[in-house]
Amino acid sequence: MSPADHIPVLGREAIEHLAPRERGVYVDATFGGGGYSRAILDVPGTRVVGIDRDRTAIAGGFDLVDRSGGRLTLVEDRFSNLAEVCAAQGVGAVDGVVMDVGVSSMQLDQAGRGFSFRLDGPLDMRMGQAGPTAADVVAKASESDLADIIYLFGEERHSRKVARAIVMARQEAPITTTRALADLVGRVVRSKPGDIHPATRTFQGLRIFVNEELEELETALAAAERVLRPGGRLVVVSFHSLEDRIVKNFLSERAKTGGGSRHLPEVAQLPPSFRLLTRRPVVAGEAEIAHNPRARSAKLRAAERTAAAAHAEGESSSWPRLSDVMRGG
């Protein structure tokens, strides 16, 4: 399967909720293998701005650009910059934004990208071309920072033991490959038959941290709110609880109406900027999970933009920051 023929998890459900219409303008904020873009372009007259920070994904989409007859534009950038990308393309408002958050199966399957402990390769994990690698973080972060990263982003309850083992091991030799890190974690985190691989959560934590994925998601959601026209739709597919919680809280807050109670006065509140289309997340069916086990953790949430003004962005969450950790701050 070529990248442009890739079928994303919950792809059919995502397009149903996006509901692309003729001559509409859409943002595929995480282009990846081009599955969403291809489905949108099947609707006559649609235009798509596709964004991906992964240069390989952009290059893999050139054939789809040619086949689109000028209706698909690909931009190498972070999806948090989608509002600036749209402005640079002369797009003032859009009819829909779709996001598939997190690492792609194509990235996981490339040993040289360093995302997976199943394949031995350099401990990289970067979705883009710039910035510190996972090996850089493992080499430089303090023991307490490593423990926080692995606990907060990987939800690994043995994070302190893993961090201590990393610090001790790197004093003997640099940890530069996925296998070296996976073997190290495997000696610290014990697992029973049928459990996930002991290194799963540590790898997840480092990947999210290296790519600043949660900060990116928060910023991208606010950017989508600004560029969507009234009636435009936002569809987000996420793959773990941290991402889904951010999406759920964002949409719930933006869709909130009224305030107060019988016992308290009405609380002044901004008009809702979204109307929820999914009260509960949409999840994959048994057939899709059987075909693609990664779909088991996928959750889709969608909402429709109202005519109300975009809300002001809230304060950023207080997670460890990549720049702070790498400079020892």
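The values are calculated or read from the model by the stated rules, or taken from the named source; none is laboratory data. Just so it is clear, the model here is predicted, and its values are computed rather than measured. Positions of Cβ are generated from backbone atoms using ideal geometry, with glycine treated the same way; all protein chains shown enter the neighbour counts. Just the protein is used for accessible areas: all its heavy atoms, side chains included, with ligands, DNA and RNA removed. Shrake-Rupley method; radii C 1.70, N 1.55, O 1.52, S 1.80 Å.
Among the residues making up the stretch 23-40, those that are farther than 13 Å from Gly96 by Cβ and either assigned to a helix (DSSP H, G or I) or not β-branched (Val, Ile, Thr) (or both) are Phe31, Gly32, Gly33, Gly34, Gly35, Arg38. Only one of the numbered conditions (1) modelled with pLDDT of 95 or more; (2) loosely packed, with under 15 Cβ neighbours inside 10 Å is not met by Arg55, and that is (1).
Among the residues of the stretch 287-303, those that are open to solvent by 40 Å² or more (accessible area, probe 1.4 Å) and under 30 Å from Gly231 (Cβ atoms) comprise Glu288, Lys299. Within the stretch 313-328, the set of residues being surrounded by 13 or more Cβ atoms within 10 Å (Cβ to Cβ) and either outside any helix (DSSP H, G or I) or of a type in the set (Gly, Ala, Ser) (or both) comprises Glu313, Trp319, Pro320, Arg321.
Summed over the stretch 10-21, residues that are open to solvent by 10 Å² or more (accessible area, probe 1.4 Å) and assigned to a loop (DSSP other than H, G, I, E, B) total 3. Only one of the listed residues (Gly60, Gly34, Gly69, Gly24) is closer than 18 Å to Gln89 by Cα and open to solvent by less than 40 Å² (accessible area, probe 1.4 Å). That residue is Gly24.
Looking only at the stretch 148-165, filter to residues that are under 19 Å from Thr133 (Cα atoms) and crowded, with 22+ Cβ neighbours inside 10 Å; which one of those is nearest to the chain's Cα centre (by Cα)? Selected residue: Phe153. Kindly indicate whether any position in the stretch 246-266 is open to solvent by 80 Å² or more (accessible area, probe 1.4 Å), closer than 30 Å to Val137 by Cα and modelled with pLDDT under 85. Within the stretch 246-266, none of the residues are open to solvent by 80 Å² or more (accessible area, probe 1.4 Å), closer than 30 Å to Val137 by Cα and modelled with pLDDT under 85.
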